[in-house]
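Notes for the one structure printed next.
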Amino acid sequence: MRVQLDGVSAGYGEHRVLTGVSLDLAEPRIALLGANGSGKSTLLRVLSGTHVPESGLVQVDGQPLRHDRKGLRRHRQRVQLVLQDPDDQLFSSDVTRDVSFGPMNLDLPEAEVRARVEEALGVLSITHLADRPTHQLSYGERKRVALAGAVAMRPAVLLLDEPTAGLDPEGVREALGVLERLVAAGTSLVLATHDVDFALAWADRVIVLAPDEVVSGDPVTLLGDVALLERARLQRPWPLELHARLAVRGLVPPGLRPRSIDDVLAILDAGDDSGA
């Protein structure tokens with residue numbers, strides 16, 4: 001499924017957040033990057049249909065999103081938004097009821113709803129929480145349950161607002177494992193984050209939101225653009241920063257594109273081998 005923005009402007013009252021944004025979201029892993037207030041959450045809400053743009057179009061497979069009841073119902077079967085704070089989405093008394101809420105509103109047969117809930121809990125590795133009251137869950141567990149509610153809708157695109165925010169390192173590792181399973185199952189992810197290192201290593205495409213501009217492109221190219229990152233109040237990811245500093249000292253060849261610690265080590269090992 002292909003989601004596009006065509007000249008979208010959006011804001012809140014007189015405060016304009018996005019101006020004339022055109023994007024083609026075709027890749028399975030897309031990271032949105034920008035400082036607080038840059039418009040990442042607003043962009044996700046526009047894509048989900050929960051925020052109506054002042055002008056421009058959201059298109060899915062070439063068809064404009066309609067913001068009437070029928071149009072939004074159809075859209076939310078294909079595109080789901082998971083908010084940063086799980087408590088903004090969890091409202092049922094226990095996990096199973098919460099995860100089943102969306103499928104039940106599709107008027108699906110009871111057996112189909114049960115199958116979707118079981119599938120979503122399994123994908124998120126939280127089947128053991130099925131009967132747990134939501135108020136007894138840890139923060140990380142609540143994040144997973146909120147995500148399971150979206151997964152149970154079987155969307156083609158998942159919009160995620162800071163999915164690893166507030167998690168400890170083990171929670172982050174588990175969350176990233178879940179995201180990879182979703183991509184492997186055919187779900188495309190559009191993920192808002194402040195973590196430039198994660199975006200560099202993970203994303204197929206990054207979208208950088210800077211004042212008065214939204215730039216989309218290859219992760220290494222955009223996240224290596226120091227001037228763009230300064231305008232967006234972001235830092236260059238450490239693999240690119242380290243490589244640039246080593247290249248200045250003549251320790252590694254310039255122009256390489258490391259995206260992770262393993263890439264940097266491979267460059268250094270290659271330099272050692274050539275000098276042996």
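The values are calculated or read from the model by the stated rules, or taken from the named source; none is laboratory data. What you are looking at is a predicted structure, and each value in this text was computed from that prediction instead of being measured. Note that each Cβ is placed from the backbone with ideal geometry, even for glycine, and that neighbours are counted across all protein chains shown. Please note that ligands, DNA and RNA were not included when accessible areas were found on the heavy atoms of the full protein model with its side chains. Shrake-Rupley method; radii C 1.70, N 1.55, O 1.52, S 1.80 Å.
Solvent-accessible area per residue in the stretch 148-201 equals 36 Å², computed with a 1.4 angstrom probe and all protein chains kept.
Taking the protein heavy atoms of the stretch 226-276 in the context of the full set of protein chains, the accessible area attributed to carbon and sulfur is 55 percent at 1.4 Å. Its Cα centre serving as origin, the chain has a Cβ charge dipole (Lys and Arg +1, Asp and Glu -1) of approximately 700 debye.
Charged neighbours of R29, selected by a Cβ distance under 11 Å, balance to -2 (K, R count +1; D, E count -1). Distance from the C-alpha centroid of the stretch 250-270 to that of the stretch 23-99: 38 Å, rounded to the whole angstrom.
One quarter of the convex hull surface built on the alpha carbon atoms of the stretch 18-131 amounts to 8.9 nm², the projected area averaged over directions.
Probing with 1.4 Å while keeping every protein chain in the model, the per residue accessible area of the stretch 66-105 equals 60 Å².
For the peptides 166-175, 152-161, the ranking by mean Cβ contacts within 10 Å, running from highest to lowest, is 152-161, 166-175.
Computed over the chain, the Cα gyration tensor eigenvalues convert (square root of 5λ each) into semi-axes of 35, 24, 16 Å, ordered from largest to smallest. Considering only A152, L83, I126, the residue lying farthest towards the positive end of the dipole of the stretch 63-187 is A152, judged by Cα position with unit charges set on Cβ.
Shape summary: the stretch 121-215 maps onto an equivalent ellipsoid whose semi-axes, from the alpha-carbon gyration tensor, are 25, 15, 12 Å in decreasing order.
For the chain, the 222 nm mean residue ellipticity estimated from helices alone, with every DSSP H stretch of n ≥ 4 adding -39500 (n - 2.57) and the total spread over all residues, rounds to -12500 deg cm²/dmol. Summary of packing: across the peptides 193-200, 113-120, the per-residue average of other C-beta atoms within 10 Å ranks them, highest first, as 193-200, 113-120. Here the dipole of the stretch 54-93 is about 420 debye; that uses its Cα centre as origin and unit charges on the Cβ of Lys and Arg (positive) and Asp and Glu (negative).
Placing +1 on the Cβ of every Lys and Arg and -1 on the Cβ of every Asp and Glu, with no other charges, gives the stretch 124-256 a dipole of roughly 160 debye about its Cα centre. The accessible surface of the stretch 13-102, taken with every protein chain in place and a 1.4 Å probe, is 46 percent carbon and sulfur. Separation of the stretch 108-153 and the stretch 180-234, taken as the distance between their Cα centroids, equals 29 angstrom.
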